Every structure is written in structure tokens, then in C-alpha cells.
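Comments concern the structure below.
What follows draws every value from the coordinates through simple rules; no lab data is involved. On a predicted model such as this, the values are computed, not experimentally measured, just so you know. Counting neighbours? That spans all protein chains shown, and the Cβs are built from the backbone with ideal geometry, glycine included.
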Amino acid sequence: MKANRSGVLRLILQVLQGILIGVGAVLPGISGGVLCVVFGIYKPVMELLSNPFRRFRTHVPKLLPVIIGAAAGFLGVAKLLAFLLEKYPDPSVCLFVGLIAGMLPSLFREAGEKGRPKGSWVSLALAFALILALLISLNLFSVTITPSFPWYLFCGFCLALSVIAPGMSFSTLLMPLGLYTPFVDGLGSLKPEVLAPAAIGAVVTVVCLAKAVNALFDRFYAYMFHAIIGIVIAATVMIIPFGSFAASAGSAAANLVCLVAGFAAALALDKFNQSVPKQDV
């Protein structure tokens, strides 16, 4: 009876994790790959992507609830989140900033699972500085382009990259180019002219990069994970709506409440995640 209850909790947790991963993949500044890391499924996901034929029978059945949840979160919630971000942009972003901040303790715990050499802190600092410089540059040199087949190929590349390289949100790369809104709208509406090139770009990216990234994690686990933390911190800092906090006392209070709520929700989710027995994949 206890084993059955644990299995049901595990299933519910995996679906919930998948939904959050799908939702996080849509939101500006959030990376689905980061949430995969936080929920402890990044490694099996990368193993599946790098060797899909070899790992299909062992990994897909156990990751299926996460995959279903991610699809539901990405496609089903995309339009709702787009509405909230348009109607209440700053409080919505602050909620997810708090969520990411609350996930940092679990990220550090995961990063030190195989030891924490001194060089790992160097990799964290370098990754933070590099991504921060890149994102600042993208904001400074904002360019709007006309969406087309080649650019939707690029969107697919960015989407796959946000899973393979945690912290690299595809929205961070697409928004300065004016591609984020038409791409997400196309995915949410299941438009073939968007889905087809995006799928091609994503598959090519996975085939070319997944094995290399997976090999790096096998050899340099602590360094890679600490670099991810640096990426996460840099990407999160860039989406904090500092101007909104200074606009008025009301907006600052609303943003602060959302930050605290997101932080508390992340800690509660992490506690729940730890309370459910881990399942080997």
C-alpha cells in the first residue's frame, strides 16, 4: 500500500515537473533545461537525447510523465502566460525570479554531488561574466527582423539549446530579434509553417550537440554544473524589472509579494521533491 502511494506521488510529481519545465521554457528569461537540472532529470534527458535509439526502452517509459507534462505546459499554458505577461508583466516576471532564486539551493546541492573542487568556482564566475556580457550585448544591439523559414530554423536551434545548455533561455536570444512572439504564437496555434522549420532546427541541434554536452558532464561534472549556476544567476539578474520597483510603492509591493511567493513555492516544491523516493533512470 505504501509502495503504491509512493508510486502515485512520483507520477504526480513527474507530471507537475514536466508542466513547470514546459511553462519555464515559454517564459522570457527562464530555461527548461535549468528546471530539468533542478528536478534531477537533466542527466537522463541528455542521455536520451545523445543516444535516442540505445536509451529509448530504458529512459522513455520513466520520463514519459515528464514529457507529457512538458507538452501540456508548453502548448496548453503558453497563451495564458502570454496574456499574464502582457497584462501583468513585471509581477509575473518577479514570480519566476523568486522561483529561480528558491531553486538555487537545490542547484548548489546537485552541483556538489561529486565534490566541489576550487576550479568549479572559477567556472561559475566565468560563466556568469560571459553570459551577462552576452545578454547585455543583445539588449544593447536590439534588431527586429521579418520571420521566415530560415529564421524559424534558428528558433528551433535556440529552443533545443535551452534544453541542452541549461540557463540559455531561447526567449533571451529571440526577443531582441523580434522573433519571440511570432514563434510562441505559432507553436501555440500549431502552425505548420512554424512547427516544421522549428522541428528541423531542434533535431539538427540535438544531433550535433547533445553527445558533446553529455560527454562534458561525464568528465567535468562539478565544473559544468557550477558553470550552469553562473548562467542561471546571470540570466535571472537580466530579467529583474528594476525600473518597476522604483516606479511606485504599489508596484514595488506587488513585485516583492510575487518574489516572496515564487521563492516560497520553489522551496516547498524542492522539499516535496526530496520527500519522494528517487527513481533511477
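Applying 1/(1 + (r/R0)^6) with R0 = 35 Å to the Cβ-Cβ distance of LEU216 and ALA247, what FRET efficiency is obtained, to the nearest 0.05? FRET efficiency, LEU216 to ALA247: 0.25. GNM remark for the chain: springs join alpha carbons under 10 Å apart, and the peak mean-square fluctuation among TYR88, TYR152, TYR223 falls on TYR88.
Work out the FRET efficiency for LEU140 and ARG57 from their Cβ-Cβ distance, taking R0 = 35 Å, and round it to the nearest 0.05. So the FRET efficiency works out to roughly 0.15. With the simple spin-label model, which puts each label point 7 Å out from Cα in the Cβ direction, the ARG10 to ALA265 separation comes to 2.7 nm. The count of lysine pairs in the range 2-275 that are at least 8 places apart or cross chains, and whose C-alpha atoms lie under 20 Å apart, stands at 7. Judged by the ratio a/c of the largest to the smallest principal axis of the C-alpha gyration tensor, the range 128-234 counts as oblate, that ratio being 1.5 or greater while a/b is no larger than b/c. Full extension of the chain segment joining CYS208 with SER189 gains 4.0 nm, where the gain is 0.36 nm per residue of separation less the Cα-Cα distance. A dipole drawn for the chain from +1 and -1 charges on Cβ atoms has a positive end, and of SER171, PRO197, CYS208 the residue lying farthest that way is CYS208. Computed over the range 2-275, the range of Cα coordinates on each principal axis works out to 50, 42, 41 Å, biggest value leading.
Placing unit charges on C-beta atoms (Lys and Arg positive, Asp and Glu negative, everything else neutral), compute the dipole magnitude of the chain about its Cα centre in debye, rounded to 20.
Around 940 debye, computed over the chain.
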